[in-house]
Amino acid sequence: MKKLLGLGFGLLAVVALAGCGTTEAHSSADKALNVTMVGNPATADPAISGDSNSSSMIGQTEEGLYTLNASGKVVAGVAEKVVKPTVGGTVYTFKIKKNAKWQNGDPVTAQDFVTSMDWQVNPQSKSQVANKLQYVKNYAAIQSGKKDPSTFGVKALDKSTLQITLSKPQPWLPDILATAVYPIKTDLFKKYGSKYGTSSEKTMSEGAYKLVNWSGANDSWSYVKNDHYWNAKNVKIKKINVQVVKDPGTSSNLFKSGKVQETTLSGQYIKQNANNPELTTTLNSSMRFLEFNDKRTVTHNTKVRQAFSYVVDRNALTKNVLQDGSAAAKSLIPSGDGNDPKTGEDFSKEVGNLVSYDPSKATKLWNEAKKELGIKKASLELLTADTDEQKHTAQYLQQQAQKYMPGLTLTIKSMPLAQQIAKGAAENFDIDLDGWTTDFRDPADFLQMADGTSSVNFTKWNNAHFTDLMNEVSDTASHTTEQRWTLMKEADTYVTKQAGLVPLYQQAKAHLVSKSVGGLKYTMMSDAQYKYAYWK
């Protein structure tokens, strides 16, 4: 689960690698792989990472108890094996591999996982992803300040034995352990505290690669093979050079010139490469939506939010504006995010299309809202990240809203993703063009974005009925999987109709991958992992 994602190109770290398309170079075990990232990571601290760029960087340099294999299946990571829970599905006991090492050769310990998870749930960390651990014992009491983080249900029984105790069963926990829970080097965290993860010098890796030359703000860095990684013998490429490239045109040109071997495309560049065999496009486990600050008078009004939903022609937005393979939203839940436990039907398909394009209805609702608010005009600001995708989406929304909502002035405020997330968390916005990417296939992860009790509900929309529904959904000990499924469908229908959040589209991820590179596979739930890459 994480927040989604004018080029400041600067000094491109990979320019020296032109001419890397020769067969001789490809056969070299020391040849670096050059890739791009669409924005700057906010942190290398896995306990607080809430944005997709940070998660991408952390996913290449850290490894959890579990990991994903080349096909995206959960397998053992630094744990010796995938374990079965005991005590009614609430207790997990893991043994850490004896050869699991940090980049300096120190052993990975059970305490390193405790350090990470205790910090993740500690209110002082202000973690964007604390709720990933909400089913762990004492989570709620710690988050509310009633109990100390040391009481969290994660214990080191000895140096290599970790035990996690849940308050209730969480069938999707293996997905989270594979993609969203990583250890923190305990002695380094004691040294740096909240500064841990602010640069490569203030973090340490135990995954396939170590993070090198990342200052916390620079646009280029490297992943260098961690020779102490327990599975290092199977890591084929020794170095990955990463460059932040926000402009898809530049990404396309870098790829065509051979300066990078993997890059992300968006908009017209996907369309231009439609017949390129080196293009791979996959629907992502992410949803882009509008968040409305419920603490501000205008955006608190339900009819205002509903009007914004009705002015969006989601098919036109995805097909004509984005042109990147993204799919028009039908509700808050993306396609492929869960299957009916009885029939196997996809959740999104079962719920059906809960949104529609109706400009006249938008105008009617907007005029009614103005009367309720006692205003004739309103000025609102739309907060976005400074990516090509978000800029084009924001411009479309601005055009549609000002056309069909008379008296509205909608200005666009674009900024780096990390700044956008910070403003959202501080509730310093009117409308936020935001998104969420899940780490596991369960609709509740998207639904909790509108739950008044959730740490990632930036809107502060606090609807009692919806919160009650989510409490029922979370009560896995009292409901069968079928009962829980029905409750989630009810919650999705309610939040979408009330426009607690306004879903826009399910994001697609499109990559150009050099034909000289193998092992890079993309699934709905995961990006390619460089530890599986190799030169052909």
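The values are calculated or read from the model by the stated rules, or taken from the named source; none is laboratory data. Everything numeric in this text was worked out from a predicted model, so none of it was measured. Glycine gets a Cβ as well: all are built from the backbone with ideal geometry, and neighbour counts include every protein chain shown. Only protein heavy atoms, including side chains, enter the accessible area calculation; ligands, DNA and RNA are left aside. Shrake-Rupley method; radii C 1.70, N 1.55, O 1.52, S 1.80 Å.
Tallying residues that are open to solvent by less than 40 Å² (accessible area, probe 1.4 Å) and in a helix (DSSP H, G or I) within the stretch 472-500 yields 10. Cβ separations smaller than 8 Å between residues 6+ apart or across chains give the following pairs from the stretch 126-141 residues that are closer than 14 Å to residue 47 by Cα to residues that are assigned to a loop (DSSP other than H, G, I, E, B) and open to solvent by 20 Å² or more (accessible area, probe 1.4 Å): 126/48; 127/48; 127/455; 128/48; 128/455; 129/48; 130/455; 131/455.
Identify all residues within the stretch 452-468 that are closer than 15 Å to residue 493 by Cβ and open to solvent by 10 Å² or more (accessible area, probe 1.4 Å); write none if there are none. Steps first, please.
Just the residues of the stretch 452-468 that are closer than 15 Å to residue 493 by Cβ, to begin with: 463, 465-466, 468.
Across the stretch 452-468, the qualifying residues are 463, 465, 468.
Look at (1) buried (at least 16 other Cβ atoms within 10 Å of the Cβ); (2) under 27 Å from the mean Cα position of the chain (by Cα); (3) not polar (S, T, N, Q) and you find that residue 359 fails only one, number (2).
Selection of the stretch 390-426 for residues being more than 17 Å from residue 50 (Cα to Cα), in contact with a strand residue (DSSP E or B) (Cβ under 8 Å, 6 or more places away or on another chain), buried (at least 21 other Cβ atoms within 10 Å of the Cβ) and not aliphatic (A, V, I, L, M) yields 390, 393. Among residues of the stretch 515-536 being polar (S, T, N, Q) and within 25 Å of the chain's Cα centre (by Cα), the one that is surrounded by the fewest Cβ atoms within 10 Å (Cβ to Cβ) is 523. What do you reckon, is residue 350 touching an Asp or Glu at 6+ places or on another chain (Cβ under 8 Å) and at pLDDT 95 or above? For residue 350, the condition - touching an Asp or Glu at 6+ places or on another chain (Cβ under 8 Å) and at pLDDT 95 or above - is met. Here the condition is being under 17 Å from residue 442 (Cα atoms), under 21 Å from the mean Cα position of the chain (by Cα) and among the small types (Gly, Ala, Ser); of 335, 326, it holds for 335 alone. Looking only at residues in the stretch 93-108 that are open to solvent by 60 Å² or more (accessible area, probe 1.4 Å) and part of a loop (DSSP other than H, G, I, E, B), the one that is farthest from residue 175 (Cα to Cα) is 104.
Scanning the stretch 181-206 for residues that are among the acidic types (Asp, Glu) and more than 20 Å from residue 132 (Cβ to Cβ) gives 187, 201.
For (1) aromatic (Phe, Trp, Tyr); (2) modelled with pLDDT of 95 or more; (3) over 27 Å from residue 418 (Cβ atoms), each residue gets a yes or a no:
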{"residue": "129", "(1), (2), (3)": "no, no, no"}
{"residue": "161", "(1), (2), (3)": "no, yes, yes"}
{"residue": "174", "(1), (2), (3)": "no, no, yes"}
{"residue": "188", "(1), (2), (3)": "no, yes, no"}
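If you go through the stretch 207-226 and keep only what is in a strand (DSSP E or B), under 22 Å from the mean Cα position of the chain (by Cα) and under 26 Å from residue 99 (Cβ atoms), you end up with 209, 210, 211, 222, 223.
A Cβ distance below 6 Å, combined with a sequence gap of six or more or placement on separate chains, defines the contacts here; from the stretch 360-376, residues that are within 14 Å of residue 409 (Cα to Cα) reach residues that are exposed (fewer than 15 other Cβ atoms within 10 Å of the Cβ) in the pairs 376/407.
Checking the structure you have, find out if any residue of the stretch 69-86 is modelled with pLDDT under 95 and touching a strand residue (DSSP E or B) at 6+ places or on another chain (Cβ under 7 Å).
Looking for residues that are modelled with pLDDT under 95 and touching a strand residue (DSSP E or B) at 6+ places or on another chain (Cβ under 7 Å), one finds at least one in the stretch 69-86, hence yes.
Restricting attention to the stretch 77-124, the residues that are closer than 23 Å to residue 532 by Cα and of a type in the set (Phe, Trp, Tyr) add up to 1.
Could you tell me whether residue 370 is at pLDDT 95 or above, more than 23 Å from residue 314 (Cα to Cα), basic (Lys, Arg) and outside any strand (DSSP E or B)? Here the answer is yes, as residue 370 does meet what is asked. Evaluated against (1) at pLDDT below 95; (2) open to solvent by 30 Å² or more (accessible area, probe 1.4 Å), residue 442 falls short on exactly one condition, (2).
Could you pull out the residue among 340, 294 that is more than 27 Å from residue 249 (Cβ to Cβ) and touching a His at 6+ places or on another chain (Cβ under 9 Å)? Quick ask: steps written out before the conclusion?
Details: 340 fails: touching a His at 6+ places or on another chain (Cβ under 9 Å).
Of 340, 294, the one residue that is more than 27 Å from residue 249 (Cβ to Cβ) and touching a His at 6+ places or on another chain (Cβ under 9 Å) is 294.
Just one of the numbered conditions (1) assigned to a loop (DSSP other than H, G, I, E, B); (2) buried (at least 21 other Cβ atoms within 10 Å of the Cβ); (3) in contact with a Phe, Trp or Tyr (Cβ under 8 Å, 6 or more places away or on another chain) is not true of residue 341: (2). Residue 275 meets each of the listed conditions (1) assigned to a loop (DSSP other than H, G, I, E, B); (2) surrounded by fewer than 18 Cβ atoms within 10 Å (Cβ to Cβ); (3) at pLDDT 95 or above apart from (3).
Consider the stretch 300-338 and keep the residues that are within 18 Å of residue 450 (Cα to Cα) and β-branched (Val, Ile, Thr). The one that is most open to solvent (accessible area, probe 1.4 Å) is 302. If the condition is being open to solvent by less than 20 Å² (accessible area, probe 1.4 Å), farther than 20 Å from residue 117 by Cβ and part of a loop (DSSP other than H, G, I, E, B), then the stretch 31-74 contributes 32, 39, 41.
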